[in-house]
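This report refers to the structure that appears directly beneath it.
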Amino acid sequence: MRAPLIAPPTDPAATRVVPEIPTHVVTALAELDDAYDAAARMPHTSNVEHADRALALARLCARRAAWWRVLALWTYRAGFDRLHGKAALAAGHRQQERARFWRDTAADWRARADLRPTSDAAGALSNWAELGVSA
């Protein structure tokens, strides 16, 4: 497991009290980082393997987004400056965007595996020419 994202201050003379982030949130995000790294290393040599890998990454990004929202809520309730809550929400939104990207990518890889046309936004993944499909 990775080290916690935020370490407590080490200067004993520090007068500012920094509340400790709930351990379960830090632990969950660290475990999801490890799981994401493992999913990114999944084999992806065929269309089906690409689709399975992309779907696993999408699920992990969605779970990360949920934990970032939990952290944002805690940050607001703990009385932190609103900037901290907004930063946690921004991190959660970024993970939602990544989850959407990976879900769309998985759908395109699955379509390629099933010899169906990919989405029109597939770009380099587009198989329309191979299937004789035109816009």
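The values are calculated or read from the model by the stated rules, or taken from the named source; none is laboratory data. Just so it is clear, the model here is predicted, and its values are computed rather than measured. Cβ sites come from the backbone with ideal geometry, for glycine too, and all protein chains shown count toward neighbours.
Annotations for the structure displayed:
- Subset of the stretch 29-51 [assigned to a helix (DSSP H, G or I) and either in contact (Cβ under 8 Å) with a residue 40 or more places away in the chain or in contact with a Pro (Cβ under 6 Å, 6 or more places away or on another chain) (or both)]: LEU29, ASN47, VAL48, GLU49, HIS50, ALA51
- Flag for THR105 being modelled with pLDDT under 95, in a helix (DSSP H, G or I) and surrounded by 20 or more Cβ atoms within 10 Å (Cβ to Cβ): yes
Per-residue answers, yes or no, for (1) of a type in the set (D, E, K, R); (2) closer than 27 Å to ASP108 by Cα; (3) modelled with pLDDT under 95; (4) out of contact with any helix residue (DSSP H, G or I) (no Cβ under 9 Å at 6 or more places or on another chain):
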site: VAL26; (1), (2), (3), (4): no, no, yes, no
site: ALA40; (1), (2), (3), (4): no, yes, no, no
site: THR45; (1), (2), (3), (4): no, yes, no, yes
site: GLU49; (1), (2), (3), (4): yes, yes, no, no
site: ALA56; (1), (2), (3), (4): no, yes, no, no
site: TRP67; (1), (2), (3), (4): no, no, no, no
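- Selection of the stretch 47-78 for residues being in contact with a Phe, Trp or Tyr (Cβ under 9 Å, 6 or more places away or on another chain) and farther than 19 Å from ARG94 by Cα yields ASN47, VAL48, GLU49, HIS50, ALA51, ASP52, ARG53.
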